[in-house]
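Colleague: One structure, pasted below without further comment.
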Amino acid sequence: MILDAKIPSGPLAEKWDNHKAHLKLVNPANKRKFQILMVGTGLAGGSAAASLGEMGYNVTCFCYQDSPRRAHSIAAQGGINAAKNYQNDGDSVFRLFYDTVKGGDFRAREANVYRLAQLSVSIIDQAVAAGVPFAREYGGYLANRSFGGAQVSRTFYARGQTGQQLLLGCYQALSRQVERGTVKMVPKTEVLDLVVVDGTVRGLITRDLRTGEIRRHVGDAVVLATGGYSNVFYLSTNAKGCNATAIWRAYRRGAHFANPCFTQIHPTAIPASGDYQSKLTLMSESLRNDGRIWVPAKQGDHRRPGEIPEAERDYYLERRYPSFGNLVPRDVASRAAKQVVDEGRGVGPTGVGVYLDFSDAIGRLGRDTIEDRYGNLFEMYERITGEDPYQVPMRIYPAPHYTMGGLWVDYNLMSTLPGLFVIGEANFSDHGANRLGASALMQGLADGYFVLPYTLGHYLAPRMGQKLSTDHPAFAAVEEEVRERQAKFLATRGSRTVDSFHRELGKLMWDECGMARTAEGLGRALERIPQLAEEFWRDVRVVGDGESVNQSLEKAGRVADFFGLAELMCRDALARDESCGCHLRLEHQTPEGEALRRDDRFRHVAAWSYHGEGEPPVRHREELVFENVELTQRSYK
Amino acid sequence: MNLTLYIWRQARGEAEGRLVRYDAPDINPDMSFLEMLDVVNERLIHQGERPIEFEHDCREGICGSCGVVVDGIAHGPLPATATCQLHMRHFKDGDSLTIEPWRAKGFPVVQDLVVDRGAFDRIIQAGGFISASTGNAPEANSLPVGKDVAELAMDAAECIGCGACVAQCPNGAAHLFTAAKLAHLGLLPQGQPERYQRVVAMVERMEQEGFGSCSNFRECEAVCPKQVSSHWISRMNRDYLKAQLFLDRGPEKKRASGPG
Amino acid sequence: MAESRSVLSSSLGKKAVMAVSGLILVGFVLAHMAGNLKMYLGREAFNHYAAGLRELGQPFFPHGGLLWVARGVLLAAVVAHIGSAWLLTRQAQRARATRYQRHAYAQADYAVRTMRWGGVILLLFVVYHLLHLTLGVVHPSFTHPETLPGGTEAYHAYENLVAGFAGHPLVALAYMAANLALGFHLYHGIWSAGRSLGLGTASSDALWRRAALLVAFVVTAGNLSFPIAVLCGVVK
């Protein structure tokens, strides 16, 4: 199969405008005759559902949470990038584009990223109009900060809750459409499969998470805005409910899955404290501006941090990267932490963690300044760990945070399955092999507010009047499959809980397909995952019934899908025999331990297609063409 | 540490539930409250019993999904803390804890500790927005917003919609939730055109949903994980009375609850 | 008038009614206490004050006219206050039909927790007080006012007061208990009225708190002093 990204011709800066000018339009009177099924209500899904509703489409919107306001976009702390150049520091659309492509280690499409940088500007306008209370300067104008090592200040923020405020903006716009009747909101509902009729995605099978009712929904197009799959690692910064079921089911129905091995591990999360740990909490990256990262120089040094003299500490980032020091990019910092822990120099009760020490900064700047800058983060840390970071160094450790991989989409955000659009973190499109800080919110909102509303109309315009009913046999067939699967979970009555399987899978993925990967380790994982999946189907225990709230049953379905996805991630990581961005194959490093790309062989997107249970998936390539940037090797020495 | 838990169990569709006693031995003080419930649930599943259903998602105190009443206090004894951020080190070995769902007419119990908070969504739908369709927006910096105003609006906007305010209110009132959204939008210049229609529409919806009246107990702000101030309720009262008694809004009023 | 119906249909509107009527009653208890301080000036001054109340508003109002207007306003305020309290309490009880198995307060003080029962106690007390010192129905030796030759009226408020408490410590105790309840009711009620009317904003809230405390303290202290003064023989 040829992967046609449908990138418009013409100069980079004019591609989107030209493309928009030629997209087909749906007559205003006809829009309400189209039924759109939107899955997910985060920044991407929420903004898209609201915008499509405003345009007059009939939208049905699903989320697994009890309210669309709780989607996990809400947890984004840092901010949102936009090339406004309000600080007059030389920012521009091209510079944001360039930083994003380079940050993604040249594994993203130029045209997509450029469009993203262009739209970033309108996102801020829209968010402000919707009442998002961004931070302001005394003159009343919008404030910016520099984020994630960027050379310009282009990040807009609302305290440490930028994601929350942007999401509430979308949620409120969505609520307005619910009241108008253009959007029908269906909360506490999980999509369990997609219905494909004559090669086109036309519907969904859902389960009501309160009553267990399985329902059919028919539409003219389906949009997945279901977020990422970091929870394949069990412990991640994602919400407990985040899952890959919708995108995984779409993959099994024919949508290609792109770059599944591109997963971002964030360097500054609070370490797990024990086996019961249920999730990891992120601490803002900004802490690295003033904190110094170190571990004991000797292995097995169990002294308290204050008792370890300066000479016996190893400030390993400052030592290895003298010019960037503690501010090296996320992936470099994460890998370095893993290295010292693997050497047996980790700290804390579990030995899995490194110190992030503010005593120098407190000595230099005073406690008040530090409190001013990081007070709320220090409080959050103390709340969780019970330790006072003003007195003892914080302990941090990397945690899975974001997945750049996702369903393959073309320039119009449509997957390889006609009628199936994928937006936000759920698609693979804009971040390449590594995402820059404050860019996830930007992408979700660009897709939802400003891309999908145009490209979806283009798809729908020629499809007027193709009515279908849920009585079509395709719906009955998929519903039957879904019911059987649910029944199987309940009937197995094995000996292990769903969580115990999920933990085991997560640990395996963390070890073999986490921050540093090898052909050998990936081989081991590829051997073990199918065994574990088989054990799961044979020995899982789900208590209760399917006709009420049953979170074990919900989790069983999600974990069952994670097995398949985990296997595909390992296959992809193995096939991508190079290092790039967050994907580090130990076989391919520069002498300094940096990711070594092999542009001659891997300057492409890998998109996988499904060919049936037990059949190996097929790897397709979309070659990446760089006409506007020069491919360079990162160096942070 | 070892704890004795009395947890509200209520099967789906049943009008009545009851407290059931569970022993929770070997609880690590570093666990969060929800992780403690996870551990209890894992044991229940092993014993073949139905685990206790409770709402949770982000587990970092921002999504507003979680929330149970611990010994009569919504989100438990630690101020400014959602249940997921409450850690077991704040309890003592041998403690016996009573864990109940939010209780209010506006929040019917679904099952065990899970309640239906759809009423909050419907209050927002009545008018908790600024009508700025995608594409309408002017250049962001064309509308300066004073730093103090933006900060105040943010104070109110921090509400996570968890419903603890309603759960703790002896009157089962949703005033703090509603007032916080009204303050967030009503403070900003963008929110002025709809300010008075909004307050009438949202207050009317709030009352229709069966929430109670405000006696200024201030229990709501005491349990609010985001410490949203009850002052906003006063502001809501003022805007509401002004809208109802002094402003001739003519047909505007009807439109406030109609298509926006 | 559709609009005014709709404002009263909401709990916010009813709270405003409760606040306005409450503030009228606050004015009354303040004036009532201040007027009663005259008892410390002696029998004549106090009885003269009682008689003088009938002459308020002259020459615009006839004899006793303004007093009856005031009584009318007070009665209306009492009815509005109790009526709104009744309706709001019903709404609150419906909204929280199920109680917690284990109940606790997070920060609510004694005053707010006793508003409803405190209000009932005050109502009962007001009825008793009227029967006791105004109408004399339950008074052991009530002397009714009499018209003297020449048309002037003689009031015996002072004698009634002294006789009502002296030798009746239980009655005095009841008065004192009721006035403590009044103090708590005022302390929460005045501040709460500010909020219900949307006046107790972030900047003025502390002022409302202090004002409520001051009024509650002054009224309670003044009122408590009367039966104590009689029992101690200061007023005799």
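The values are calculated or read from the model by the stated rules, or taken from the named source; none is laboratory data. Please read these numbers as outputs of a predicted model, since none were measured by experiment. Don't worry about glycine lacking a Cβ; one is built from the backbone with ideal geometry, like all the others, and counts go over all protein chains shown. Heavy atoms of the whole protein, side chains included, go into the accessibility calculation; ligands, DNA and RNA do not. Shrake-Rupley method; radii C 1.70, N 1.55, O 1.52, S 1.80 Å.
Colleague: With respect to the numbered conditions (1) closer than 22 Å to B:GLY61 by Cβ; (2) within 10 Å of chain C (Cβ to nearest Cβ); (3) not in a helix (DSSP H, G or I), which one is the sole condition not fulfilled by B:PRO225?
Modeller: (2)
Colleague: Of these, C:ALA16, C:ALA106, which one is part of a loop (DSSP other than H, G, I, E, B), at the interface with chain B (Cβ under 9 Å from one of its Cβ atoms) and surrounded by 14 or more Cβ atoms within 10 Å (Cβ to Cβ)?
Modeller: C:ALA106
Colleague: Within segment A:1-31, track down each residue that is charged (D, E, K, R) and surrounded by 15 or more Cβ atoms within 10 Å (Cβ to Cβ). It would help to see each step written out before you state the result.
Modeller: Initially, segment A:1-31 is screened for residues charged (D, E, K, R), giving A:4, A:6, A:14-15, A:17, A:20, A:24, A:31.
Of everything in segment A:1-31, those that are charged (D, E, K, R) and surrounded by 15 or more Cβ atoms within 10 Å (Cβ to Cβ) turn out to be A:LYS15, A:LYS20, A:LYS31.
Colleague: So is A:VAL478 more than 11 Å from chain B (Cβ to nearest Cβ), touching a residue at least 40 places away in the same chain (Cβ under 8 Å) and either over 22 Å from the mean Cα position of the chain (by Cα) or open to solvent by 30 Å² or more (accessible area, probe 1.4 Å) (or both) or not?
Modeller: yes
Colleague: If you don't mind, another one. Residue check: is A:SER495 within 14 Å of chain B (Cβ to nearest Cβ), open to solvent by less than 10 Å² (accessible area, probe 1.4 Å), out of contact with any Pro (no Cβ under 7 Å at 6 or more places or on another chain) and more than 17 Å from A:ARG571 (Cβ to Cβ)?
Modeller: When the stated conditions are applied, A:SER495 does not pass them.
Colleague: Is there any pair with a first residue in segment C:137-151 that is among the aliphatic types (A, V, I, L, M) and a second that is part of a strand (DSSP E or B) whose Cβ atoms are under 9 Å apart and which are 6 or more apart or on different chains, and what are they?
Modeller: Pairs found: C:LEU148/C:ALA154.
Colleague: So A:THR226 clears everything in (1) of a type in the set (Val, Ile, Thr); (2) more than 17 Å from the chain's Cα centre (by Cα); (3) in a loop (DSSP other than H, G, I, E, B) except one condition, right? Which one?
Modeller: Only one criterion in (1) of a type in the set (Val, Ile, Thr); (2) more than 17 Å from the chain's Cα centre (by Cα); (3) in a loop (DSSP other than H, G, I, E, B) is unmet by A:THR226, namely (2).
Colleague: Can you spot a residue in segment C:187-200 that is over 25 Å from C:LEU53 (Cβ atoms) and exposed (fewer than 15 other Cβ atoms within 10 Å of the Cβ)?
Modeller: no
Colleague: Those residues that are more than 7 Å from chain B (Cβ to nearest Cβ) and either under 21 Å from the mean Cα position of the chain (by Cα) or open to solvent by less than 10 Å² (accessible area, probe 1.4 Å) (or both), I need them from segment A:51-72; list them, please.
Modeller: Taking segment A:51-72 first, the residues more than 7 Å from chain B (Cβ to nearest Cβ) are A:52-53, A:55-64, A:68, A:71.
Of everything in segment A:51-72, those that are more than 7 Å from chain B (Cβ to nearest Cβ) and either under 21 Å from the mean Cα position of the chain (by Cα) or open to solvent by less than 10 Å² (accessible area, probe 1.4 Å) (or both) turn out to be A:LEU52, A:GLY53, A:TYR57, A:VAL59, A:CYS61, A:PHE62, A:CYS63, A:TYR64, A:PRO68, A:ALA71.
Table: residues versus (1) modelled with pLDDT of 95 or more; (2) under 29 Å from A:PRO473 (Cβ atoms); (3) open to solvent by 20 Å² or more (accessible area, probe 1.4 Å); (4) at the interface with chain B (Cβ under 9 Å from one of its Cβ atoms).
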site: A:LEU166; (1), (2), (3), (4): yes, no, no, no
site: A:ALA173; (1), (2), (3), (4): yes, no, no, yes
site: A:MET185; (1), (2), (3), (4): yes, no, yes, yes
site: A:THR200; (1), (2), (3), (4): yes, yes, yes, no
site: A:GLY203; (1), (2), (3), (4): yes, yes, no, no
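Colleague: Now for a different question. Working carefully through the options A:GLU54, A:GLU14, find the one that is in contact (Cβ under 8 Å) with a residue 60 or more places away in the chain and among the acidic types (Asp, Glu). So that I can check it myself, show each step before the final result.
Modeller: Values: A:GLU14 fails: in contact (Cβ under 8 Å) with a residue 60 or more places away in the chain.
Among A:GLU54, A:GLU14, only A:GLU54 is in contact (Cβ under 8 Å) with a residue 60 or more places away in the chain and among the acidic types (Asp, Glu).
Colleague: Among the listed residues A:ASP360, A:ASP331, which satisfies the condition of being in contact (Cβ under 8 Å) with a residue 24 or more places away in the chain, surrounded by fewer than 21 Cβ atoms within 10 Å (Cβ to Cβ), closer than 21 Å to A:ASN289 by Cα and of a type in the set (Asp, Glu)? Walk me through it before giving the result.
Modeller: Details: A:ASP331 fails: surrounded by fewer than 21 Cβ atoms within 10 Å (Cβ to Cβ).
The match here is A:ASP360.
Colleague: Read through the list (1) in contact (Cβ under 8 Å) with a residue 24 or more places away in the chain; (2) more than 21 Å from the chain's Cα centre (by Cα); (3) open to solvent by 50 Å² or more (accessible area, probe 1.4 Å); (4) more than 21 Å from C:ALA157 (Cβ to Cβ), then give the number of the only condition that C:ARG43 fails.
Modeller: Of everything listed in (1) in contact (Cβ under 8 Å) with a residue 24 or more places away in the chain; (2) more than 21 Å from the chain's Cα centre (by Cα); (3) open to solvent by 50 Å² or more (accessible area, probe 1.4 Å); (4) more than 21 Å from C:ALA157 (Cβ to Cβ), C:ARG43 misses just condition (4).
Colleague: Oh, and also: Please indicate, with yes or no, whether at least one residue in segment B:102-118 is within 18 Å of B:LEU5 (Cβ to Cβ), touching a Leu at 6+ places or on another chain (Cβ under 8 Å) and not in a strand (DSSP E or B).
Modeller: No.
Colleague: Tally time: how many residues in segment A:365-414 are farther than 24 Å from A:CYS513 by Cβ and among the small types (Gly, Ala, Ser)?
Modeller: Qualifying residue count for the region: 3.
Colleague: Further question: Mind listing whichever residues of segment A:609-632 are more than 26 Å from the chain's Cα centre (by Cα), in contact (Cβ under 8 Å) with a residue 24 or more places away in the chain and open to solvent by less than 70 Å² (accessible area, probe 1.4 Å)?
Modeller: Keep residues of segment A:609-632 that are more than 26 Å from the chain's Cα centre (by Cα), which gives A:612-615, A:627-628, A:630.
Checking which are in contact (Cβ under 8 Å) with a residue 24 or more places away in the chain leaves us with A:627-628.
Selection gives A:ASN628 alone.
Colleague: Identify, please: which residue in segment B:82-139 is open to solvent by 30 Å² or more (accessible area, probe 1.4 Å), charged (D, E, K, R) and touching a strand residue (DSSP E or B) at 6+ places or on another chain (Cβ under 6 Å) and is, among those, nearest to the other protein chains (Cβ to nearest Cβ)?
Modeller: B:ASP116
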